[in-house]
Protein chains: 2
Amino acid sequence: MSTSLTVSQLAKQLEISADTVRHYVRSGLISPERDPENGYKRFKGEDIKRLHFILQAKSLGFSLADIQTIMDQASHGESPCPQVRVIMEARLKETAAKIAAMQATYKQMQDAMQRWQTQPDCTPTGEHICHLIEGFSHQADNFKQEGCCHE
Amino acid sequence: MSTSLTVSQLAKQLEISADTVRHYVRSGLISPERDPENGYKRFKGEDIKRLHFILQAKSLGFSLADIQTIMDQASHGESPCPQVRVIMEARLKETAAKIAAMQATYKQMQDAMQRWQTQPDCTPTGEHICHLIEGFSHQADNFKQEGCCHE
DNA sequence: CTTGACCTGTGTGTTACTCACAGCTTTATA
DNA sequence: TATAAAGCTGTGAGTAACACACAGGTCAAG
């Protein structure tokens, strides 16, 4: 039976988790045959090719929904390439935006960490929860200690 | 009744969506009183302070679960600061890793787009779904056209 | 024949919201 | 005053891409 693989065999071969393979099947991206005896999924050549394609597309930034769309179109005999180009353009912009946002957050985090190095811990008051966090964006450099901080 | 705000009033004041406010309430981050007449949420000073804190912490990269933890600890009278420092360290690393991963993907995407500019569209064959995607990582520069491409 | 290791499918949980929707309030109009 | 339109409410469900839990099935060793 080397012509068909089980979930975990396929997963091992492509170095992904068995759960990931199952997820793609549940999402309808792959539709392997079932073993009539035990209901297990049986992956054959076609399925393995599709999975390969999925992984490649994913590494290029396509979402699973994108990939579904692309494969559907291809299975109708139409060229998916124009769509692929359009989608990629959108994903490219999205990714750039996400990276920028994350970098902004990252900078905030670094700045906070640095400032915190010279600040003591504080005890919560009725007025504040954590001075480290609350005192941050307001009074950048001029942090004033209040009666709540020990040591 | 200017001492208490409704969901949408509060949302407008802090420039977030009403759904976001409701989400925080459902998650237990804020627990406003209810108007006995109609069951509506009524936000008072304490709640508004907490929401402020949530937004600040979020902008510093803390997750809602983190924020919950921090606020819980503070409400027990303990200083959340040591925890805050620990969590931040972890989130900082996570964020750096995510950014690196996204930048790697982004580079892949850009490379792909560039290469695709000189490549024609293709019609799916039994063997391939989309040459643009499949031909990518394998034969970087030496893309060979096969019989499937028109024009 | 049983023990144990391993594997299976399916159901549920995750993050931080967003959307859908029936119903209640408030405002404008007739 | 009646009523209709607009707006707001709470709650239930859906999103992306898996990861985890779990009861049960399978297979080799003894």
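The values are calculated or read from the model by the stated rules, or taken from the named source; none is laboratory data. Everything numeric in this text was worked out from a predicted model, so none of it was measured. Note: ideal-geometry Cβ built from the backbone for every residue, glycine included; neighbour counts use all protein chains shown. Side chains are part of the model used for accessible areas, which takes the heavy atoms of the whole protein and leaves out ligands, DNA and RNA. Shrake-Rupley method; radii C 1.70, N 1.55, O 1.52, S 1.80 Å.
Observations, loosely collected:
- Each Lys and Arg adds +1 at its Cβ and each Asp and Glu adds -1 at its Cβ; summed about the Cα centre, segment B:86-144 shows a dipole of about 240 debye.
- Accessible area per residue in Å² at 1.4 Å probe, computed on segment A:31-124: 53
- Between the helical axis of B:81-116 and the longest alpha-carbon principal axis of chain B there is an angle of about 30 degrees.
- Simple label model, 7 Å out from Cα along Cβ direction - A:E33 to B:A97, nm: 4.1
- Between segment A:78-100 and segment B:31-72, the C-alpha centres lie 37 angstrom from each other.
- Furthest towards positive pole of dipole, B:I70, B:T6, B:L55, structure part segment B:1-78, Cβ charges: B:T6
- For B:108-116, mean number of other protein chain Cβ atoms within 10 Å: 4
- Radius ratio Rg over Rh of segment B:1-78, counting only Cα atoms, Kirkwood formula for Rh: 0.97
- Comparing B:Q103, B:G135, B:T123 along the charge dipole axis of segment B:80-141, the residue lying farthest to the positive side is B:Q103, per the Cβ-charge model.
- Here the contact order of chain B, divided by its residue count and restricted to Cα pairs under 8 Å and six or more residues apart, works out to 13 percent.
- Long-range HN-HN contacts of A:C122 with modeled amide H, under 5 Å: B:C81
- The percentage of C-alpha pairs in the protein assembly as shown whose separation is greater than 23 Å is 69%.
- Averaging over all projection directions, the Cα-based convex hull of segment B:86-144 occupies 5.5 nm² in the image plane.
- Here is the tail figure for chain B: Cα pairs spaced more than 27 Å apart come to 53 percent of all pairs.
- The magnitude of the dipole of the protein assembly as shown, with charges of +1 and -1 set on the Cβ of Lys/Arg and Asp/Glu and taken from the Cα centre, is near 80 debye.
- Sorted from nearest, the other copies put their A:Q103 label points 0.8 nm away, the label point being 7 Å from Cα in the direction of Cβ.
- Take each residue of peptide A:43-56, count the partner chain Cβ atoms within 10 Å of its Cβ, and average: the result is 2.
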